[in-house]
Amino acid sequence: MKLTFDNSIENLKPALKKLLNSLLNEYQYVSVLVQNSHGKNYRASKSGISISDSTLTAGRGGVIKIYDHKGYAEYSFNNLDADYLSTIPDVIRDNLVPLADCLPDTLSLNSYDIIQDEQVTFSKSSEYLMNPETLGDDKIIDKLLNIHNAALSYDNNILDCPVAYQYMKTDKLFLSQNKELSQSILWSTAFIQPIASSNGETHYYYSPVSAMGGVEILDGLMEKVAPACKSVLELLTCSPVTPGEYDVICMPDVTGMIAHEAFGHGVEMDMFVKKRALAEKYIGEYVASPLVTMHDKASDGIEAGSYFFDDEGTISQDTVIIEKGILKRGISDIQTAMYLNTPPTGNGRRESYERKAYTRMTNTYFEKGSDKIDDMIASIKHGYLLENASCGMEDPKNWGIQCMVNMAREIKDGKLTGKVHSPVVLSGYVPDLLKSISMISDDFHLSGSGFCGKGYKEWVKVSDGGAAIKARVKLG
């Protein structure tokens with residue numbers, strides 16, 4: 001089923017168009033973005049049940065962007081009353097435009113052609129099988145408790161298993177001289193985190209699901225209970241890994257962390273403007289194995305990082321960042337694209353209507369290959385299979401990477417030995433890691449269980465993943 005667009009925003013369209021036309025009488029470029037985002041968080045564990053409103057990225061309001069022959073200015077507002085909207089031109093004229101006159105010439109942007117593209121009008125909605133807003137809190141909690149209890153009954157060493165579900169419904173309307181766009185999107189994420197203890201050792205195993213969809217994702221979460229509980233019990237026997245350089249197989253969640261942290265942030269082109277990303281100097285050059293093709297794709301319509309247009313009215317697309325090992329392009333918002341004289345890629349995203357649009361990732365992943373996981377394992381004399389990504393840090397200016405992985409399964413003579421290590425730190429120089437990729441699996445998985453920040457703030461929903469890869473990395 002498709003979502004229904006927010007009627008309260010739809011009913012405001014005549015007043016918003018009147019506002020737009022009034023401003024277009026004075027300014028070369030004007031856009032209006034109005035959004036209404038809301039959702040809930042659900043959690044069940046031994047400590048109890050909680051239900052709360054989702055506040056991160058939620059909100060109801062709008063932002064207007066204008067170009068006044070010298071520079072751009074924005075005005076955000078949370079009063080969507082039609083009478084108030086009629087006063088906005090005076091507010092902008094009296095308070096924002098004089099600030100543009102104070103800008104030095106070096107900060108002005110003299111072209112607005114990139115945002116004056118072809119005329120586009122559409123209204124699109126994502127699909128779902130089970131709407132959380134109509135299903136109700138009680139039934140959602142019942143589903144979480146069933147999953148929670150299934151984990152607790154798996155083994156006596158399972159101390160607890162927090163289970164969580166979150167959804168966010170976002171309606172956006174974008175108006176400009178050439179565009180009238182609306183989208184209604186529902187994304188859902190959920191996770192289980194079984195916690196096990198034995199002989200003074202306590203470990204966890206985080207297992208998420210996500211989709212552009214509804215409560216139906218909890219069916220997939222139930223299927224993860226047994227594998228996650230089995231893995232957390234295996235971690236009770238873990239030991240530290242011997243530091244060194246090894247052949248490894250990164251499962252899709254670890255591959256996704258590499259794609260996001262090691263390379264995704266490094267090709268956000270606003271970092272090119274600030275000279276904070278080494279990738280700018282390597283466009284058109286080999287930065288990875290010829291086996292590697294990497295995408296940032298908001299237009300897939302499947303995962304939580306998807307959308308139909310970004311917060312600047314650019315239609316979502318599939319940006320091929322690395323093609324057969326060659327760095328082709330980065331991703332950008334409109335302002336960055338104008339500065340660098342490149343086409344915008346539809347990656348201008350705001351945490352909310354109150355925030356600036358930055359270049360941000362969406363669904364970032366490596367394409368699948370043709371290898372079987374069993375053949376990849378069989379190819380390794382001594383190394384590890386890495387799974388259960390934890391967190392990562394990137395250094396776009398120097399292309400360094402450091403990622404935490406919760407489990408490393410030992411491989412000897414082409415077979416898993418059953419010995420596990422935890423925690424494990426994966427590190428190295430990004431091009432060395434990517435160029436060392438020698439096999440890529442034929443399976444593919446994306447996950448969007450978390451948010452991405454821009455310098456520890458400006459949060460947006462993203463997903464990452466791809467195929468399993470065989471590479472040479474440093475472990476410690």
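For this structure, a couple of remarks:
- ³J(HN,Hα) computed for each position of the range 215-230 - Karplus, 6.51 cos²θ - 1.76 cosθ + 1.60, integer Hz, glycine/proline x: 5, 4, 5, 5, 4, x, 5, 4, 5, 8, 4, 5, x, 5, 5, 4
- In this label model, Asn341 and Asp155 are separated by 6.2 nm, measuring between points 7 Å along each Cα→Cβ vector.
- For the chain, the relative contact order is 16 percent, taking Cα pairs closer than 8 Å that sit 6 or more residues apart in sequence and dividing their mean separation by the residue count.
- Label point 7 Å beyond Cα of Ser198 along Cβ direction - residues of the range 228-268 with amide nitrogen under 14 Å: 229-239
- Of the Cα atoms belonging to the range 244-475, the radius of gyration and Dmax stand at 17.2, 56 Å.
- In Hz, Karplus ³J(HN,Hα) per residue of the range 174-190 (6.51, -1.76, 1.60; θ = phi - 60°; x = Gly, Pro): 10, 10, 8, 4, 10, 10, 9, 10, 9, 9, 10, 10, 10, 10, 9, 9, 7
- Gyration tensor verdict on the chain (Cα atoms; rounded if a/c is under 1.5, prolate if a/b is larger than b/c, oblate otherwise): oblate
- Computed from the C-beta positions of Asp138 and Phe451, the FRET efficiency with R₀ = 35 Å rounds to 0.80.
- Within straight-line cross-link reach of Lys419, lysines at Cα separation under 18 Å, skipping those fewer than 8 residues along the same chain: Lys230, Lys381
- Placing R0 at 41 angstrom, the Cβ-Cβ distance between Ser370 and Asn146 gives a FRET efficiency of 0.60 after rounding to 0.05.
- Per-pair calculated FRET efficiency, R0 = 45 Å: Lys397 and Lys70 via Cβ, rounded to 0.05: 0.90
- Annotation: lysines with alpha-carbon distance below 28 angstrom to Lys2 (same-chain offsets under eight excluded): Lys13, Lys17, Lys40, Lys124, Lys139, Lys143, Lys169, Lys172, Lys179, Lys224, Lys297, Lys461.
- Hits among lysines - C-alpha to C-alpha of Lys454 under 17 Å, sequence gap 8 or more where chains match: Lys274, Lys275, Lys356, Lys397
- 12 Å beta-carbon shell around Val273, net charge (K/R +1, D/E -1): -1
- Crossing angle, helix 137-152 versus the chain [Cα axis fit, 0-90 degrees, rounded to tens]: 20
- Using alpha-carbon coordinates, inclination of helix 13-24 to the longest axis of the chain, degrees: 60
- Proxy reagent accessibility, fewest Cβ within 10 Å first, across Asp155, Asp83, Asp371: Asp83, Asp155, Asp371
- Under the Karplus curve 6.51 cos²θ - 1.76 cosθ + 1.60, θ = phi - 60°, whole-Hz ³J(HN,Hα) for the range 447-458, x wherever Gly or Pro sits: 9, x, 7, x, 10, 10, x, 10, x, 6, 7, 6
Quick note: the coordinates plus some simple rules give every number you see, no bench work behind them. Because the structure is a prediction, the values reported are computed rather than measured. Note that we place each Cβ from the backbone using ideal geometry, even for glycine, and neighbour counts take in every protein chain shown.
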